[in-house]
Amino acid sequence: MRKLCPNIDRDDGLETVLEVPIPEEMFTSMGSNVTLRWQNMLTWMKAQTSDKWSAPVIAGRFNELRFLLYLVGSPLIPLQVQLGHSVHRPVRDSSIQASTAKYIVQQYTAATGGQAALNSVTSMCVTGQVKISASDFHQGDLSLEVKKSAAESGGFLLWQKNPDLWCLELIVSGCKVICGSNGKLSWRHSSNQQTPISQGPPRPLRRFLQGLDPRATALLFADAMCIGEKIINNDDCFILKLETSPAIREQQSGPNYEIIHHTIWGYFSQRSGLLIQFEDSRLLRMTNKGDDTDVFWETSTESVIHDYKYVDGLNIAHSGRTRVKVFRYGEQSANHKREMEETWKIHEVDFNIWGLTMECFLPPADIDNKKQE
């Protein structure tokens, strides 16, 4: 990962530290030699303003990348993680499915380092790289194939302070998206778009639950149900399932859209106790006020998690792959399908970062203060 670039203002000055490290592959693609690559990187850095993205061709590509980064690179999970609650929930008066799930979560806690190690973590900093590719929208029931040759490369920097403070900076092929949570609301921002505010209380980033934050994962599935078993990559797994309640779905719905369901599954290895696959499915109904027609968006996401390694006593996943399928249908609307894929690799993980304060998680200045009350 590249962390430094030449000084933007002075050729003889000290090198500039990149806000977000970028993969070597992304740097290599910027030119045929080192000098040209540095020049192109400097040009790209100076062009990160909204007026530079106004040309239709550039704006179209930027909007496409932003769609991929929002849907694949930085989605949120609908359920809050209650940090103050214990992972070890009582099994008395619980159903067989619920008590089995609590036992599986206890095995997962032990496999990722134990309760004491998980409780010792108060903050986190992660750097990694991603590759994102996508198919075009296809009508009807045509089969989908992700365009492997059109993969976009990039890197990300993620800060977290338990439980609801986090910030993600994600750069892919020159498109940068920043999203985060300040403990009161969730937000995301890109250079040519006004900042949207996510509805409802703060929620965790999906990336945390792909092997990065074992405590949040354990707390999330502590109230799940065990619904059966499944073999994944020759590994026998228990299946834990969570349903989002109607009250939470209503909180996160807006005036023109409604979340009909959002379901989460976790697949825990019977051999190692670790989470090796994470899935969620969401159905969203959007209403066109002009003619009162409804369009439905169904999104199914599957993450396969690999390469667990111990970092300061915690067993953290360092690579994986996520596949996303989007299906759009409704009245007076042709059915469309699309498939996207992200592969990621974690380069560095550090815990208990000194000096990480509330100011590190402030939303952009253009957010109305009233929305934070």
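The values are calculated or read from the model by the stated rules, or taken from the named source; none is laboratory data. Just so you know, these numbers come straight off a predicted model, no measurement behind them. We place every Cβ from the backbone using ideal geometry, glycine too, and count neighbours over all the protein chains shown. Side chains included, ligands, DNA and RNA excluded: accessible areas come from the protein's heavy atoms. Shrake-Rupley method; radii C 1.70, N 1.55, O 1.52, S 1.80 Å.
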What FRET efficiency comes out for the pair SER245/LEU14, r = Cβ-Cβ distance, R0 = 51 Å, nearest 0.05?
0.45
Can you work out the accessible area per residue across the stretch 67-353, with the rest of the protein chains kept in place, probe 1.4 Å, in square angstrom?
43 Å²
Between ARG271 and ILE227, what is the spin-label point distance in nm, taking each point 7 Å from the Cα along the Cα→C-beta axis?
2.5 nm
Between CYS125 and ASN335, what length comes free when the chain is fully extended (0.36 nm per residue of separation minus the Cα-Cα distance, one decimal in nm)?
71.5 nm
Which FRET efficiency, nearest 0.05, do ASP292 and LEU362 yield, Cβ-Cβ r, R0 51 Å?
0.80
Starting from the Cα-Cα distance between ASN256 and ALA110, subtract it from 0.36 nm times their residue separation and give me the gain in nm to one decimal.
48.2 nm
Measure out, as a whole number of angstrom, how far apart the alpha-carbon centroids of the stretch 105-134 and the stretch 288-338 sit.
21 Å
Gained length - ILE353 relative to TYR310, 0.36 nm times residue gap less alpha-carbon distance:
13.7 nm
Rounded to a whole number, what is D in µm²/s for the stretch 67-353 from Stokes-Einstein with the Kirkwood radius over alpha-carbon pairs (10 °C, 1.306 mPa s)?
80 µm²/s
Carbon + sulfur, % of accessible area of the stretch 67-353 - ligands and nucleic acids excluded, 1.4 Å
48 percent
